[in-house]
Amino acid sequence: MKNSPIDKAAAATPDGVARRIRGLSDRTIAWIFVAPTIFLLLAVNIFPLIWTIRLSFTNFRVNRPNNDVEWVGLRNYQRILSDPDIWDTMQATAHFLIWTILLQVLIGFTLAYLINKKFKGNDMWTTIIVFPMMLSPAVVGNFWTFLYQPQIGLFNYVVAFFTGADPASFSMIGDVHLAPWAIVIADTWMWTPFVMLICLAGLRSIPDSIYEAAECDRASKWRQFWTITIPMALPFVMLAVLFRGIENFKMFDLVVQLTGGGPGNTTTLTSIDLKREAFEKWRTGYSSAYAVILFVTVFGLASIYVKALNKVKER
Amino acid sequence: MSFSVTEPSKRAKWFAGVLVVGYAIITLVPLLWIIATGFKSPTDSIAYPPVVVFEPTLEGYVNLFTERTRATSQMLETAGPPTTWYEEIARNRGTVISGPSRYGERFLNSVIIGFGSTALCMILGTAAAYAFSRFRVPLKDDLLFFILSTRMMPPIAVAIPIFLMFRNLGLNDTHLGMILLYTAVNLSLSVWLLKGFIDEIPVEYEEAALIDGYTRFQAFYKVVLPQAATGIASTAIFCLIFAWNEYAFAVLLTSGTAQTAPPFIPTIIGTSGKDWPAVAAGATIFLVPVMVFTILLRKHLLRGITFGAVRK
């Protein structure tokens, strides 16, 4: 207890400040202020995490509480990592991740670049563009199924209008080849503004004086873009990619409403698969191991990525 | 206007403006389509080619809020003429309203859970953020990564033990359980954001107050809180929007009493096939408040969505 961060914090508070305080000491106040938060975070964030890890070594099933819970060691992990179906869902997730991030960065950065030209009314239009990302993904996903309906759907109508194809001839969410793209399109529509906002902050952080200096050196606009704009905005773009990567790795609500993981398993992302294992097949121990594997994967990838990000920042 | 080499030319501005406005209009189409579909009749909603000009009707909204049963002509005769405008809409379809639907309840649940968790989150979060801001805490740089990492777990993964825990504590499908859960999920974000806002308030104000004889508590709620009001308000809106939009926990942990609107709206079905105007009406009522909040939030948007990593 003596070496907790709070105690250190209280000890680090300058004497001058400490002396001026009447009644309770800073240490007590710090404890009163922080304790409820720490308690709730421990109870709802940390404790479940530890419980999940514990369950992952057992064959526990929630729907059979009377069965003996056996300690099975690493068997759950072995079975998951050697299951070809899991690798299929990983592949679906990778497809979703790569394409959404690529499209969102390209469109988002372009939009930010254009908005940074400071045309009249750019603030208002930025706010309008931002709307989709603030909405409930489940409700939006559900409505996109309507837009994707063959024949009557607006999306099919627009595609048919421009390509001349029959709007009833293709189904974005019913076709094995189109469904993975249906979720990419909906996610891109929803989250491009997020990348745009971060890129915009990056572009706005570049001081005008650098461009003025480049102009004096007679660097062309093209060269200025590649040697000033891109490198200086890069940390921001990378941050946006980090956020989108984490969010889309655990993507559930939008896609489950849009395709439900189908047709077949073509859009079964890891979270959807995990939900089936845990809450439909009730394989609690097995799905806990699955959850741990996912967490370790994201955490590992994100740690490496953050290191790279910090290197880019230091440059 | 002074000449500047970095000021984009008029033509560049015009070109950029046209492209951005074009994108904004395309991106708005699905949203406008939701709102428009809510006012369409079932026939118009599934017409081919899609209709843009139509006679608006409130049928979708009536269907959203009511349960209806098909009525025989005999029933209609004995029931007498419709007394309200919504009954008249139902009668025109050959049905009578048999009672309210579940949507009202679910929407109310969203309001209770959203505002409840936001209030709790703000009370706990402001106190903790103040302590973190004013009493020096080590490991500040690692804190962002820690906050990020609590959000790296897929909600489904966390839901397994929470489901078990809630079942043992009798919190499954209760308002209190959902409020506590959303508070905890939002807490790390709100503490971090609020700490940023409180950091920006000069310590001198409080020191002056302390010298004037205020206690720490008085200095906190008479000096710091008013100064941080905008920050607290925008953090609160972020927490509210999160709790409002959340789906994964809601669909797994609630089924009846405490179910919120996001898991409910997709389950709305009509008597013959999906009742899209009713779904769209439900979505509209649910989404429009968030759009209003987005406009209120626009200055602090970036800070909130990046967990305070980017400040403008």
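The values are calculated or read from the model by the stated rules, or taken from the named source; none is laboratory data. The structure displayed is predicted, hence computed values, not measured ones. Here the Cβ positions follow ideal geometry from the backbone for every residue, glycine too, while neighbour counts run over all protein chains shown.
Numbers below:
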item: Selected residue (only one of A:TRP222, A:TRP181 is surrounded by fewer than 21 Cβ atoms within 10 Å (Cβ to Cβ), within 25 Å of A:VAL139 (Cβ to Cβ) and among the aromatic types (Phe, Trp, Tyr)); result: A:TRP181
item: Check on A:THR100, within 12 Å of another protein chain (Cβ to nearest Cβ) and either out of contact with any Gly (no Cβ under 7 Å at 6 or more places or on another chain) or farther than 20 Å from B:PRO155 by Cα (or both); result: no
item: Residue satisfying all of: in the stretch B:243-280; over 16 Å from B:ILE156 (Cα atoms) and of a type in the set (Phe, Trp, Tyr); surrounded by the most Cβ atoms within 10 Å (Cβ to Cβ) among these; result: B:TRP244
item: Hey, B:THR230 closer than 30 Å to A:GLN149 by Cα, of a type in the set (Val, Ile, Thr) and modelled with pLDDT under 90 or not; result: no
item: The listed residue being surrounded by fewer than 18 Cβ atoms within 10 Å (Cβ to Cβ), over 18 Å from the mean Cα position of the chain (by Cα) and facing chain B (nearest Cβ under 9 Å), out of A:ALA201, A:ALA168; result: A:ALA168
item: Matching residues, the stretch A:110-124, being crowded, with 20+ Cβ neighbours inside 10 Å and within 7 Å of another protein chain (Cβ to nearest Cβ); result: A:LEU111, A:LEU114, A:ILE115, A:PHE119
item: Selected residue (criterion: nearest to the chain's Cα centre (by Cα)) from residues of the stretch B:278-301 that are facing chain A (nearest Cβ under 10 Å) and in a loop (DSSP other than H, G, I, E, B); result: B:ARG298
item: Residue match in the stretch B:70-79 (condition: under 30 Å from B:HIS175 (Cβ atoms) and touching a residue at least 24 places away in the same chain (Cβ under 8 Å)); result: no
item: The listed residue being under 26 Å from A:ARG244 (Cβ atoms) and either within 24 Å of the chain's Cα centre (by Cα) or at pLDDT below 90 (or both), out of A:VAL176, A:VAL139, A:VAL159; result: A:VAL139
item: Within the stretch A:269-293, tally of residues that are surrounded by fewer than 23 Cβ atoms within 10 Å (Cβ to Cβ) and in contact (Cβ under 8 Å) with a residue 12 or more places away in the chain; result: 6
item: Of the criteria (1) hydrophobic (A, V, I, L, M, F, W, C); (2) part of a helix (DSSP H, G or I); (3) at pLDDT 85 or above, which one B:LEU189 fails; result: (3)
item: Odd one out for A:LYS313, checked against (1) surrounded by fewer than 21 Cβ atoms within 10 Å (Cβ to Cβ); (2) in contact with a Ser or Thr (Cβ under 9 Å, 6 or more places away or on another chain); (3) at pLDDT below 90; result: (2)
item: From A:VAL62, A:VAL17, residue being closer than 30 Å to A:THR259 by Cβ, at the interface with another protein chain (Cβ under 9 Å from one of its Cβ atoms) and at pLDDT below 85; result: A:VAL62
item: Residue list for the stretch B:236-263, filter: more than 14 Å from every other protein chain (Cβ to nearest Cβ) and within 25 Å of B:LEU194 (Cβ to Cβ); result: B:ALA236
item: Some residue of the stretch A:69-89 being more than 26 Å from B:PRO161 (Cβ to Cβ) and surrounded by 15 or more Cβ atoms within 10 Å (Cβ to Cβ); result: yes
item: Selected residue (criterion: nearest to A:ARG204 (Cα to Cα)) from residues of the stretch A:248-273 that are modelled with pLDDT under 90 and within 11 Å of another protein chain (Cβ to nearest Cβ); result: A:LYS250
item: Tabulated pairs, the stretch B:183-211, first under 14 Å from B:PHE242 (Cβ atoms), second assigned to a helix (DSSP H, G or I) and charged (D, E, K, R), C-beta under 8 angstrom, 6+ apart or interchain; result: B:LEU193/B:ARG303
